[in-house]
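Below is one structure, written out as structure tokens, with a few remarks after it.
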Amino acid sequence: MFDQARRLILLTGGHPFERAAFLAMLPPAGWEVVALRHPAAETELPALSIDDGDVLLCYDMPGYRFTPGAMETRLPSLDFQRCIMARAEAGCGMVMMHHALAGWADWPEWGDIVGGRFLYRPSTIRGRACGDSGYLPSATYQARVAGDHPVTAGLPESFEITDELYLAEVFEAEVEPLLVTDFDLTSPAFRSAAVAVGLAMPESWNRPRGSRLLAWTHTYRNARVVSLQPGDGPSVYAHPSLRRLLSQALNWVGRS
């Protein structure tokens with residue numbers, strides 16, 4: 001399934017997860033994995049050579065500090081911002097997985113890279129006021145392949161998965177769909193993201209219907225980017241269709 005040996009830079013941190021189970025999901029052959037964890041990753045990644053690593057796999061949610069009933073956000077360092085953009089200019093592909101959609105809340109460019117945004121509090125995105133996003137733990141839904149693409153090759157046309165589902169912003173006009181769902185993506189079924197981090201539930205939380213996209217791809221500068229919304233925990237890590245999806249996404253975005 002892999003064209004040649006490649007080097008994968010894995011970014012984690014900022015969100016809890018079961019590390020051993022996640023690492024067991026990564027492709028067993030064809031990749032050398034360099035694991036970096038925030039907050040140290042913010043300085044470690046810029047310290048690497050631009051040619052050190054063919055793909056970034058982001059399973060991180062940096063840029064936050066959570067305390068009981070409060071949340072602080074910050075920008076990434078300028079070195080980190082320049083590093084990400086320089087890697088994209090060099091064609092270093094990126095795979096964004098699950099809570100990476102929520103990373104770097106104060107850096108608008110991150111949304112452009114990922115192709116969407118998960119918001120823990122109301123914000124303005126591209127001049128439009130948006131409420132905080134929604135989440136639904138342990139939702140069982142059907143994922144359907146949206147069309148022919150190397151990332152989804154060989155997957156069943158439709159498969160069932162139980163995972164945390166998001167009600168978030170996806171820049172649909174700028175991305176190519178890979179997976180979609182017919183789940184009822186309306187706010188009554190979801191919880192406000194504010195509650196997930198111990199903030200007060202908004203008095204009136206009524207989000208517009210969410211995007212049906214579960215996975216998508218686009219090009220950021222010279223880099224292929226694949227964003228995968230599934231991926232919350234061990235049962236999902238073990239799902240054969242998700243494993244194939246991730247494996248093929250890493251292979252496809254990597255520099256040749």
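FYI, it's all coordinate maths here, none of it is from the lab. In this text, all values refer to a predicted model and were calculated from it rather than measured experimentally. Cβ: placed from backbone, ideal geometry, glycine included. Neighbour counts: every protein chain shown.
Of the residues Gly115, Trp31, Ala194, the one whose Cα sits farthest towards the positive end of the charge dipole of the chain is Ala194 (charges of +1 on Lys and Arg Cβ, -1 on Asp and Glu Cβ, taken about the Cα centre). Here the dipole of the chain is about 160 debye; that uses its Cα centre as origin and unit charges on the Cβ of Lys and Arg (positive) and Asp and Glu (negative). Each helix, a run of at least 4 DSSP H residues, gives -39500 (n - 2.57); summed and divided by the residues of the chain, these come to -5500 deg cm²/dmol at 222 nm.
A crude spin-label estimate for the pair Ser204 and Met71, with each label 7 Å from Cα along the Cβ direction, gives 2.2 nm. Counting charges near Pro108 (Lys, Arg +1; Asp, Glu -1) among other residues having Cβ under 11 Å from its Cβ returns a value of -1.
Under 5 Å between amide hydrogens, built in the peptide plane, is the criterion, and for Asp232 it picks out Glu164 among residues at least 5 positions away or on other chains.
Using a simple spin-label model with pseudo-atoms 7 Å out from Cα toward Cβ, Glu109 and Glu18 lie 3.7 nm apart. Think of the chain as having a plus end and a minus end, set by charges on the Cβ of Lys, Arg, Asp and Glu; of Thr124, Ile161, Leu228, Thr124 sits farthest toward the positive end of this dipole.
Sorted into 5 angstrom bins from 0, the C-alpha pair distances of the range 6-253 split as 1, 6, 14, 19, 21, 18, 13, 6, 2, 0, 0 percent.
Taking packing as the residue-averaged number of other Cβ atoms within 10 angstrom, the listed peptides 107-114, 37-44, 214-221, 95-102 run from highest to lowest as 95-102, 214-221, 107-114, 37-44. Normalising the average separation of contacting C-alpha pairs (under 8 angstrom, six or more residues apart) by the number of residues puts the relative contact order of the chain at 23 percent. Less than 5 angstrom separates the built amide H of Arg6 from those of Trp31, Glu32, all sequence-distant by 5 or more or on a different chain. Considering only beta bridges that DSSP places wholly inside the chain, some 60 percent are antiparallel. Between amide H atoms placed 1.01 Å from N, distances below 5 Å from Gly116 occur with Phe171, all of them 5 or more places distant or on a separate chain. Model label sites at Thr186 and Asn222, defined 7 Å from Cα along the beta-carbon direction, differ in position by 4.8 nm.
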